[in-house]
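The values are calculated or read from the model by the stated rules, or taken from the named source; none is laboratory data. This one's a predicted model, so the numbers in the text were calculated from it and none came from an experiment. Methodologically, a virtual Cβ is constructed for each residue, glycine included, from the backbone with ideal geometry; neighbour enumeration extends over all protein chains shown. Quick note on the areas: whole protein, heavy atoms, side chains included, nothing else; ligands and nucleic acids left out. Shrake-Rupley method; radii C 1.70, N 1.55, O 1.52, S 1.80 Å.
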Amino acid sequence: MAKLHVSTTINGEPMEFLCEPGDTMLDALRGPLALTGSKEGCASGDCGACSITLDDRLVCSCLMLAVESEGHEIRTIEGLAHGDKLHPLQQKFLEEAALQCGICTPGMLVASDALLRQNPRPSEEDVRFWLAGNLCRCTGYDKIVRAVLETAAEMREQGTRESRQ
Amino acid sequence: MNVIANNKWIGQRTIRPDGVDKVTGRAGYAADTTMPGMIWGKILRSPHPHARIRGINTAKAEALPGVKAVVTARDIVDFPVDKSVMLGIQDMRWMCRNVMAREKALFPGHPVAAVAATSEAIAAQACELIEVDYEVLPWSIEIDDAILPDAPILHEFIKFEGKPSNIAGRMEIKKGDVAEGFKQAEVVVERSFTTRPVHQGYIEPHACLVSVAADNKTTIWSSSQGQFMVRAMTAHLSGIPQSDIRAIPAEIGGGFGGKTIVYLEPLATLLAKKSGRPVKMVMTREEVMRSTGPTSGSKSTVKIGAKKDGTIVAAQGTFYLQAGALPGSPIRGAVGCSFSPYDIPNVLSVGFDVVSNRSKVAAYRAPGAPIGAYAVECVLDELAEALKMDPLELRLKNAAKQGTKAAHGPVFPRIGYVETLQAAKAHPHYTAPLGKYQGRGVASGFWFNAGGESSAQVNITEDGNVVVTTGHPDIGGSRAAIANICAELLGIDYRRVSVLIGDTATVGFSNLTGGSRVLFASAMVVTQSTEKIIATLRERAAKIWEIDPEAVKWENGAAHPASPNAGQFEPLTLAQLAEKAPQMGGPIGAGVQLNTEGAEGGFGTHICDVEVDVELGIVRVIRYTAVQDVGRAIHPSYVEGQMQGGVAQGIGWALNEEYIYNKDGKVDNPGFLDYRMPVCSDLPMLDAVMVEVPNPKHPQGVKGVGEVPLVPVMAAVANAIHNALGKRFYSLPMSPPKVLEVLEGKG
Ligand code: FES
Ligand code: FES
């Protein structure tokens, strides 16, 4: 069967790619689009290593067909930093050692970013339930939860400071 | 020990050198690697738990358009069963049969053939076209079934007490005379326990990419706990000399022991050789669960006797561990570690290695030790109760210290076990109030720790910065600790040190990342290399100043005259000396290779609080404190991370994780949905308390820290549940149905 042509927006850039009808978004990202930051841990929607956002909604890219991205906005870990400026979550993950092997980290960061976008004031429980779809086998989650809570606090602080200026 | 005064970087929470790559998604793991002309490999796996392979017909698969190569056991170097060929702790007789079934398929998921094709889909389709003529045989999965007198025998050549048996090995340690010891005991507790196999559960499935040129020059990119292990095992199994193989360590997405052996690399190598194309292989999660790891399931009996004042006089343990289909369960860890925290005059500890039709077990964090500690530490809890003693008091009374002869042989040097008990006792957690259906448990654990081979190369760049290359994959932040050490010794900012993991062609032999050995060993070789460099730098400065090198000291990143009588000179910085290198003797670098010794055992004591939902049988861990003697925390955040990660895994093992088999002898829960590892909302914050009793045999006082944290957890949780409910559990996992059974008085 001929490949399908898909036009979409990834991390703010218009993109086009070819895929098989059955390819997942994760296949397309890691294959033709060469964006290997999203990882495959399970391919069944259970580990969150492949987390991306589709029009600002957090999804498992392994559960979404590549063709479903047609005309939509995708964001991946590669879009989190601005140039050489890390996202505050990325910076905090580094400072707090919220990663060990790092394989869950892209998914954790994308999911945490999605959380902070819709809830800038999460409680520990909010963070824990939001991230319950992202498995990490190395850290025991402690440092990840701390990093997300601290980033949220700093971003709020930053926001207040900016709005005062 | 060489105490470094006023540490600037050792003990600091610096940013890891590989961090930015990892938070931006740029770090290259094995599955992220590609190569021009690359094709895909897939494995055909046995559907049967036990079957003789009478023949394999690959003709149809080979004829499928797009298929480039097919391999079976015929293509793999055979290691006949009558002579062992050891590579580290692995026997190549079993490795060659684990990578691909030879005479028999021994578990569902056992590879029987592999295909390389232009796409993954074609390779998978080709696997289905391979015809295997199986003679299905009776099988056994559980230890109890496998050791029955009429159990189906997996390997005729394995004999126990003169007869073919599924007991592949026995190990014993002995101290004093247990029978005599028990005669002196006034209180004796004896209990039996079972545990289920649990998987290491790394989030990254096994993956590799292999290119073999026509002259056999082979390059392997793979995620493993040791590129040198990958090279050696692939060479053994493919027949390609080690010197022709270059194994490049990709970043590794977790291992916990499970990536200390090869599964894919030899197959990809043979497929690449046959097809003339680079071959990539990536396991699915289901393949990971069915055919790699896990650690052993077990059954054990532990008996401990004490005097009324709490002095333990005798202890005995019997541990049966599942090996999976091929010999090699971690009986040494169970037999050797479980009594080691205690000074007991009479000990007998025996282990049996039992094969059955499951996937071959792989190392998992302190292999065997958690299984032994679970039994011993639960019995100690009952003993404390019987003696009406505080459980930490009982442990303190019997704790091993400097000079104690451990049950497994060595006499302990200065160790920090007592300190962990004292810190736990003094921790506010230990006396915090508890609510209804809440309970508190404690347990301790020990792991041997290891040294072994390590190599490092340290080079000064022309602009005066530093590149360190070591041979150990960085599985959880070791690069950060190495940067701290190197910067400390040189007296420069840690950001000027970059730490690389060398491949097998660029750095000297280095053994696995495993056994909690990496920082212990690599810190030694990095320290010695850096000391050589400092000597060179002092010589260079001495030459420039025309004084004796002895009259030059290295401090704060620069050469200084050692004393006023050496002369008056402006300091020469690392950058200045690097710039002058071409005129002053050439490039500055040093490498060291060592077989490191002096790794001392590690101890931890944990406190766990649980709350039991008595309606649903769900146990929640609501507070957890892990205390550990970490020797010296070179990078405290990553030490804490190891402790917290180990605890989380232990909580999973205690409460939920297990391999469930169906009536056909197949794993019924081979995915993350049904094999339930702890998720973020299952856990509380995990308090990691580091006690630092430096290892006197290490330049920075390092002790291994990665494995101890898993050892006490299952017992701590079990003891906490007992404290909450007044009922004991003797089998893991303590999952809701089991808890309900016990609550309803049926367990
Ligand atoms: S790979 Fe998508 S959720 Fe695991
Ligand atoms: S850091 Fe390894 S899985 Fe999260």
* Go through the residues of segment A:40-54 one by one and say whether even a single one is away from ligand 1 (no atom under 15 Å from the Cβ) and more than 11 Å from the chain's Cα centre (by Cα). => no
* Asked: Which of (1) crowded, with 16+ Cβ neighbours inside 10 Å; (2) within 14 Å of chain A (Cβ to nearest Cβ); (3) not in a helix (DSSP H, G or I) does B:PRO36 not meet, given it meets every other one?
  -> (1)
* Test result for B:LYS68, open to solvent by less than 40 Å² (accessible area, probe 1.4 Å) and not in a loop (DSSP other than H, G, I, E, B) -> no
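Being more than 13 Å from chain A (Cβ to nearest Cβ), open to solvent by 10 Å² or more (accessible area, probe 1.4 Å) and either among the β-branched types (Val, Ile, Thr) or part of a helix (DSSP H, G or I) (or both) is the filter here; which residues of segment B:471-491 pass it?
Scanning segment B:471-491 gives B:GLU488, B:LEU489.
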* **Scan of segment A:90-108 for residues that are assigned to a helix (DSSP H, G or I) and within 11 Å of ligand 2 (Cβ to nearest atom), ordered by number** => A:PHE93, A:THR105, A:PRO106, A:GLY107, A:MET108
* Lone unmet requirement of (1) within 16 Å of ligand 2 (Cβ to nearest atom); (2) outside any helix (DSSP H, G or I) for B:GLY671 -> (1)
* touching an Asp or Glu at 6+ places or on another chain (Cβ under 6 Å), in contact (Cβ under 8 Å) with a residue 60 or more places away in the chain and of a type in the set (Ser, Thr, Tyr) - does that describe any residue in segment A:9-27? -> yes
* To do: Could you run through segment A:124-139 and say how many residues are facing another protein chain (nearest Cβ under 7 Å) and surrounded by fewer than 24 Cβ atoms within 10 Å (Cβ to Cβ)?
  => 3
* Counting only residues that are surrounded by 24 or more Cβ atoms within 10 Å (Cβ to Cβ), in a loop (DSSP other than H, G, I, E, B) and among the hydrophobic types (A, V, I, L, M, F, W, C), how many does segment B:600-632 have? -> 1
* Asked: Of the numbered conditions (1) of a type outside the set (A, V, I, L, M); (2) open to solvent by less than 10 Å² (accessible area, probe 1.4 Å); (3) within 9 Å of another protein chain (Cβ to nearest Cβ); (4) within 16 Å of ligand 1 (Cβ to nearest atom), A:SER112 satisfies every one except a single condition; which is it?
  -> (3)
* Asked: Any residue at all in segment B:543-566 that is open to solvent by less than 50 Å² (accessible area, probe 1.4 Å), in contact with a strand residue (DSSP E or B) (Cβ under 8 Å, 6 or more places away or on another chain) and among the hydroxyl-bearing types (Ser, Thr, Tyr)?
  -> no
* Matching residues, segment B:169-195, being of a type outside the set (S, T, N, Q), buried (at least 21 other Cβ atoms within 10 Å of the Cβ) and under 30 Å from B:PRO138 (Cα atoms) -> B:PHE193
* Specify which of the listed residues (A:LEU63, A:LEU86) is within 16 Å of ligand 1 (Cβ to nearest atom) and aliphatic (A, V, I, L, M). => A:LEU63
* **Of all residues in segment A:32-68 being more than 9 Å from chain B (Cβ to nearest Cβ) and more than 22 Å from A:LEU115 (Cβ to Cβ), the one that is least open to solvent (accessible area, probe 1.4 Å)** => A:ALA66
* What number of residues in segment B:338-352 are open to solvent by less than 10 Å² (accessible area, probe 1.4 Å) and either of a type outside the set (Gly, Ala, Ser) or not in a loop (DSSP other than H, G, I, E, B) (or both)? -> 7
* Asked: Out of segment B:282-299, which residues are over 29 Å from B:TYR730 (Cβ atoms) and among the basic types (Lys, Arg)?
  -> B:ARG285
* To do: Take A:THR76 and decide whether it is at the interface with chain B (Cβ under 8 Å from one of its Cβ atoms), away from ligand 2 (no atom under 16 Å from the Cβ) and open to solvent by less than 20 Å² (accessible area, probe 1.4 Å).
  => yes
* To do: Taking B:LEU519 as the residue in question, decide whether it is part of a loop (DSSP other than H, G, I, E, B) and under 27 Å from B:PHE603 (Cα atoms).
  => no
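Looking at segment A:140-156, can you tell me whether even one residue there is buried (at least 21 other Cβ atoms within 10 Å of the Cβ) and either within 16 Å of ligand 1 (Cβ to nearest atom) or not in a helix (DSSP H, G or I) (or both)?
Looking through segment A:140-156, at least one residue is buried (at least 21 other Cβ atoms within 10 Å of the Cβ) and either within 16 Å of ligand 1 (Cβ to nearest atom) or not in a helix (DSSP H, G or I) (or both).
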* To do: Could you check, for segment B:237-256, whether at least one of its residues is in a loop (DSSP other than H, G, I, E, B), among the β-branched types (Val, Ile, Thr), away from ligand 2 (no atom under 16 Å from the Cβ) and farther than 30 Å from B:LYS388 by Cβ?
  => yes
* Which ones in segment B:258-279 are under 26 Å from the mean Cα position of the chain (by Cα) and away from every other protein chain (no Cβ under 12 Å)? -> B:THR260, B:ILE261, B:VAL262, B:TYR263, B:LEU264, B:GLU265, B:PRO266, B:LEU267, B:ALA268, B:THR269
* To do: Please give the number of the condition A:HIS82 fails out of (1) at negative phi; (2) crowded, with 24+ Cβ neighbours inside 10 Å.
  => (2)
* To do: Please note which strands (runs of 3 or more DSSP E) are completely contained in segment B:128-221 and include at least 2 residues that are more than 30 Å from B:MET35 (Cβ to Cβ) and in contact with a helix residue (DSSP H, G or I) (Cβ under 8 Å, 6 or more places away or on another chain).
  => B:167-175, B:187-195
* **From the options B:VAL711, B:VAL647, B:VAL702, residue that is surrounded by 21 or more Cβ atoms within 10 Å (Cβ to Cβ), touching a strand residue (DSSP E or B) at 6+ places or on another chain (Cβ under 8 Å) and more than 8 Å from chain A (Cβ to nearest Cβ)** => B:VAL711
